[in-house]
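Below is one structure, written out as structure tokens, with a few remarks after it.
The values are calculated or read from the model by the stated rules, or taken from the named source; none is laboratory data. A quick note: this is a predicted structure, and the numbers were derived from the prediction, not measured. All Cβ positions, even for glycine, are placed from backbone atoms using ideal geometry, and neighbour counts span all protein chains on display.
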Amino acid sequence: MKKSFLFTAIASLALVACGGAETKTEAAQDADTVETVEAGFTVNDETGGPVFTGESGNLAVSGYDVTSYFTGDGVPVEGSADHVVIYNDKEYRFTSAENAKKFAAEPTAFAPQYGGHCAWATARGYLAPGDATKYKIVDGKLYLNFNDEVQKTWLEDIPGFIAKAEVEWPKFTADQRYDDAN
């Protein structure tokens, strides 16, 4: 599956970089017309667990460009609806087409751990919203926390909380929400 995912991502990038991919939909084939896809990517892989989208419906990480946490001064920047990648059915926004392409090529390198839920809450066995502005990069991975107070507690024992969260995270199903009764 990983090789298939990598091939699909690379092929998508190559097609977009070359000005778009021509694909025929079933209706287009009947009408013998061609639909040109010029913007956006759809990427799916086998990562599990729920993604926090808050009340926005489908918008991951509150619309922040997840590549911005890892580049420049490391301060997160809000993305644009003009540069979108659909990753595992969730919308991720980016400040540029270049950042969207980086993410589409390797989404697990940028997507927040635990689906963008609070890392501290996950370690304690429950889901809580992750705040895109309460973050920490640890060993090249992005972790979000609920608020300043929670983040302060999480920072006191990051390795311990990550170890606990790694045990708890697989217990959550992809359709669970933070507001479900536990």
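For segment 151-175, the set of residues classified as out of contact with any Gly (no Cβ under 9 Å at 6 or more places or on another chain), closer than 23 Å to A60 by Cα and part of a loop (DSSP other than H, G, I, E, B) consists of D175 only. Of the conditions (1) over 24 Å from D139 (Cβ atoms); (2) crowded, with 17+ Cβ neighbours inside 10 Å; (3) at pLDDT 95 or above, T53 clears all except one; give me its number. Result: T53 fails condition (3) only.
For T47, the test of being modelled with pLDDT under 95, in contact with a strand residue (DSSP E or B) (Cβ under 6 Å, 6 or more places away or on another chain) and not in a helix (DSSP H, G or I) is failed.
Taking the listed residues Y143, Y178, the one that is of a type in the set (F, W, Y), touching a strand residue (DSSP E or B) at 6+ places or on another chain (Cβ under 8 Å) and assigned to a loop (DSSP other than H, G, I, E, B) is Y178, with no other qualifying. Checking each residue in segment 88-115 for being buried (at least 20 other Cβ atoms within 10 Å of the Cβ) and in a loop (DSSP other than H, G, I, E, B) picks out F110, A111, P112. Test Y126 against the criterion of being in contact (Cβ under 8 Å) with a residue 12 or more places away in the chain, in the same structural domain as S62 (by TED's automatic domain parsing) and among the aromatic types (F, W, Y), and give yes or no. Judged against the criteria, Y126 is not a match.
Report yes if some residue within segment 116-136 is exposed (fewer than 13 other Cβ atoms within 10 Å of the Cβ), in a helix (DSSP H, G or I) and at pLDDT 95 or above; otherwise report no. Checked segment 116-136: no residue is exposed (fewer than 13 other Cβ atoms within 10 Å of the Cβ), in a helix (DSSP H, G or I) and at pLDDT 95 or above. Here L13 clears all of (1) at pLDDT below 80; (2) loosely packed, with under 11 Cβ neighbours inside 10 Å; (3) not polar (S, T, N, Q) except the condition numbered (2).
When segment 139-182 is filtered for residues that are free of Cβ contacts under 8 Å to residues at least 24 places away in the same chain and at positive phi, only D139 remains. Looking across A128, A81, A100, one residue alone is hydrophobic (A, V, I, L, M, F, W, C) and closer than 21 Å to G48 by Cβ. It is A128.
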